[in-house]
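The values are calculated or read from the model by the stated rules, or taken from the named source; none is laboratory data. Please read all numbers here as calculations on a predicted model, not as lab measurements. As a convention, Cβ positions derive from the backbone with ideal geometry for all residues, glycine included, and neighbour counts pool all protein chains shown. Surface accessibility is based on the protein's heavy atoms, side chains included, excluding ligands, DNA and RNA. Shrake-Rupley method; radii C 1.70, N 1.55, O 1.52, S 1.80 Å.
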Amino acid sequence: MTTEALPGRLVDFVGALRERGIPVGPGETVDAAAAVDVLGLADRDQLREALASTVLRRSGQRGVFDAVFDLYFPVAVGSVESAGEPPSDVFELRDALVAALAEGDEARLRALAASGVEAFGRYGNAGNGGSGGAGDTGASGSGSRLSGWSAYQTLGEVRPEALLARVLAAMRTARPEDGPLGEALAERQARSRIAGFRERVQAEARRRTAELRGRERIASHAVAPQTELVTFTSATSEQFTAMRRTVQPLSRKLATRLSSRRKKARRGQIDLRRTLRRSLGTGGVPMRPALRNRRPGRPELVVLCDMSGSVAGFAQFTLLLTQALSDQFSKIRSFAFVGLTDEITHLVSAGRDEPEGLAARILSQARVTRWGMSSDYGESLGSFVEGWEDVLGPRTSVLVLGDGRTNFGDPNLEALRRIADRARHVYWLNPEAERFWGTGDSAALRYAELVPMHECRNIRQLSQLVTELLPT
Amino acid sequence: MQEPLFGSVDEVVERLAGAGYLASTAVATTVFLADRLGKPLLVEGPAGVGKTELARALASATGSELVRLQCYEGIDESRALYEWNHAKQLLRITAARDEQWQETRDHVFSEEFLLPRPLLTAIRNPDPTVLLIDETDKSDVEMEGLLLEVLGDFQVTVPELGTITAARRPFVLLTSNATRELSEALKRRCLFLHLDFPTPELERDIVTLQVPGLDATLADSLVCVVGALRELDLRKAPSIAESIDWARTLLALGADRLDEQVVQSSLGVILKYQADHRRAAAELRLDRLLDPASP
Ligand SMILES: Nc1ncnc2c1ncn2[C@@H]1O[C@H](COP(=O)(O)OP(=O)(O)O)[C@@H](O)[C@H]1O
Ligand SMILES: [Mg+2]
């Protein structure tokens, strides 16, 4: 990597970040260039930190940044020189992996990830035309679109998860005097090293495919998006775990925004009638403006959510978030439905200590269906109105969470109209992309005629909606 | 351009270590850059990961004066920038009955009656200064406007006195616990460093540095347990400060290794919530000890 080639590389790098939802402005790009100027390129770790400090503005972006950095500023080109002889077959590789995982030997793990990809990751005719030649040639590349290096294929062959027991046994032999605490720690360590190895394999496969096909395309396809942009309806369970971790910090942030909005709303409002009345004392000149009275107490929130299929993850996340925001409301009551509605307020508040199983507990402990697991909006809205209409009042805001897919059943618009009539506000948050509303069995557009409906596909949209919609 | 504080990133590491602060590559690189590029450094991260301590160590490593502006809800210009000493002004006015008003006026709005607050103090200081604006996220958005103004060109206008320009640019370090998002404008003015919990190796070194006399193997196990706890998604994850407290406690207890009993009896030092306590006990398999042990 030479300094002359750098400005172009930096511009491409910044472009790739933008494509992944990290807004890097021209000012940041100039800073990044200045940073490189001051530091030089000799030390890759310093370069990484320098670029991170100039182009990033929040912590959630770091994962994406690192993956894109690895693509644009790779450690090496072609197959990485490995520490020691590469293993000759998958059995040897797995044996070596067990030892390296047990010892936590970083250098060896990196080398094994590289040899794993080299040995098992190839598909199409990748690597046949002399690896390492592609260099910086961008999108042109020599490989066809159907060849590359696959992490999925590599991991399928190596199956690192299945090595857990062997790794633990090896760790036990190394430290025979460990009690149950030591074993619990060893197991955590082993699991996190295995997860680390998976990530290495993924990064290595991305790096080598990028050499083949150009960085731009790989950056936009293979780099996972940052947590707040992961769509609820397609998130993997790992991504949900990452999302759950954001609940507490996010709720603190939202709480601050809500309370500052509340303060502002109270601060500025002038009560015209009272001001004029007062002005009678000063000959009709309004000398002392009268401020509008504070609204008494905090609003009540009712959350009504579809817990079926692919929208359950969205519902679960939103329930945890509203629960974490409970200080902002005088009361929160939560309801879930699939084919039938049941109250789940107690399950949600108990879920605070163990958030990961919330959806499962709701499905097993609440009566949310008569039969089957397909949603029935008509029946569900109807049973809510029937059983709990009295929880709605002039101080209640209702959040409905769901995709409005009725399985072609009756949408029961009348029930939603009843809810809207009784409550102060009703907002519908739909985790489906707006362009799909009303397609197939979606009654979204018909519901949207009765209550405002908002697209809510990821954490970023959800936080925006929460701070904009919720009354204060 | 003023004389840079450090010659290289490695020198940052070395000199901070001399001041009792062990810096990661990320910390050292951004500190180096902030100084070279003359930009404020915004350090964001959970409580207890060493944000405030970094400013302290930086001041001590560079022989600078540390000027600290602690932010809080409702902090305003008169607390952050300057204020007129009204009591003293009034006294002066009462004492000067027969003076011309204009004369008195000029006098009471002079240097003598000015109460400089941290921002002004840092700007006027002719000697090297580290300006720490701590917990910026606690202040209101209006405060950010003021910071933007001051950190933009390092000058302050006091209407009665005129414009005061920094004799020497302070090294500015802002911290935030990220309880709210700071404004884009302020962030753009700064270099950004997300400071998270350190790697196990670094944390072990920090603990050993802060608690001399702690057995090396014990330090290793301690860091390992703390790391496991941080993965648990607790309400309040233990920070470096808690690791250090725990190490001190273990030293005081005379523990030489970390077993279930010791962890169980001292877990209260690192975990503040009952729910977190229960969770940790279950995950670390302390639970079978928990029942007979608890009264
Ligand atoms: N890198 C480090 N080197 C040495 N000590 C550290 C380091 N990071 C944190 N500490 C210790 O942790 C304690 C808590 O750090 P502090 O700066 O108060 O956290 P924060 O301001 O981020 O909440 C400090 O008193 C210091 O003893
Ligand atoms: Mg602090």
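Where the centre of each part is set by its Cα atoms, how far does the stretch B:1-69 sit from the stretch B:177-253, in angstrom?
Here the two parts' Cα centres lie 18 Å apart.
Expressed as a fraction of 2.2 N^0.38 Å, the rule-of-thumb size for a compact globular protein of N residues, what is the C-alpha radius of gyration of the stretch B:31-126?
That ratio works out to 1.54.
Okay, helix-only estimate at 222 nm for chain B: each DSSP H run of n ≥ 4 adds -39500 (n - 2.57), divide by all residues, round to 500 deg cm²/dmol; what do you get?
-14500 deg cm²/dmol
Placing +1 at every Lys and Arg Cβ and -1 at every Asp and Glu Cβ, with all other atoms neutral, what dipole size does the protein assembly as shown have around its Cα centre, in debye to the nearest 20?
In total the dipole reaches around 2840 debye.
Please give the solvent-accessible surface of B:Ser110 in Å², to the nearest 10, using a probe radius of 1.4 Å with every protein chain present.
30
Could you tell me how many cubic angstrom of Cα convex hull volume the protein assembly as shown has per residue?
236
Round to the nearest 10 and report in Å² the accessible area of A:Tyr123, as given by a 1.4 Å probe over the protein chains' heavy atoms.
My reading of the accessible area for A:Tyr123 is about 70 Å².
Just the Cα atoms of the stretch A:350-472, one point each, no solvent: what log10 I(q)/I(0) does Debye give at q = 0.14 Å⁻¹?
The Debye formula, applied to the Cα set alone, gives -0.69.
Karplus couplings for the stretch B:120-137 from phi (6.51 cos²θ - 1.76 cosθ + 1.60, θ = phi - 60°), rounded to Hz, Gly and Pro as x?
5, 3, 5, 5, 7, 5, x, 9, x, 9, 10, 9, 9, 9, 8, 6, 4, 5
Taking the dipole about the Cα centre of the stretch A:6-72, with the C-beta of Lys and Arg at +1 and of Asp and Glu at -1, give me whichever of A:Leu6, A:Ile22, A:Gln46 is farthest to the positive side.
A:Ile22
Past the 36 angstrom mark, what percentage of all C-alpha to C-alpha distances in chain B do you count?
So the pairs more than 36 Å apart make up 33 percent of the total in chain B.
Leaving out ligands and nucleic acids, note down the accessible area per residue over the stretch B:183-227 with a 1.4 angstrom probe, in whole Å².
I get 42 Å² per residue for the stretch B:183-227.
So how much accessible surface do A and B hide from each other in total, probe 1.4 Å, in square angstrom to the nearest 100?
Between A and B, the summed buried area is about 3600 Å².
Of all accessible surface on the protein assembly as shown at a 1.4 Å probe, what whole percent is carbon and sulfur?
51
Find out how many positive minus negative residues lie around B:Val108, taking Lys and Arg as positive, Asp and Glu as negative, among other residues whose Cβ is under 12 Å from that of B:Val108.
Result for the local shell: -3.
In square nanometres, what is the average projected area of the Cα convex hull of the stretch A:6-72?
The number I arrive at for the stretch A:6-72 is 3.9 nm².
Rounded to the nearest 10 Å², what accessible area does B:Lys236 have for a 1.4 Å probe in the complete protein model?
Per-residue accessible area (B:Lys236): approximately 70 Å².
Once phi is turned into θ = phi - 60°, what whole-Hz ³J(HN,Hα) does the Karplus curve with 6.51, -1.76 and 1.60 give for every residue of the stretch A:440-447, x standing for Gly and Pro?
x, 8, 7, 9, 3, 5, 6, 5
How many Cβ atoms of partner chains, on average, are near each residue of A:300-312 if near means within 10 Å of its Cβ?
Taking the mean over all residues of the peptide, I get 0.
When the solvent-accessible surface of protein heavy atoms is calculated with a 1.4 angstrom probe, in what order do A:Glu211, B:Glu111 fall, highest first?
B:Glu111, A:Glu211
Given +1 on the Cβ of Lys and Arg, -1 on the Cβ of Asp and Glu, and no further charges, what dipole in debye does chain B carry about its Cα centre, rounded to the nearest 20?
The calculated dipole for chain B is roughly 160 debye.
Find which of A:Gly60, B:His107, B:Gln2 sits farthest along the positive direction of the dipole of the protein assembly as shown, computed with +1 on the beta-carbon of Lys and Arg, -1 on that of Asp and Glu, about the Cα centre.
B:His107
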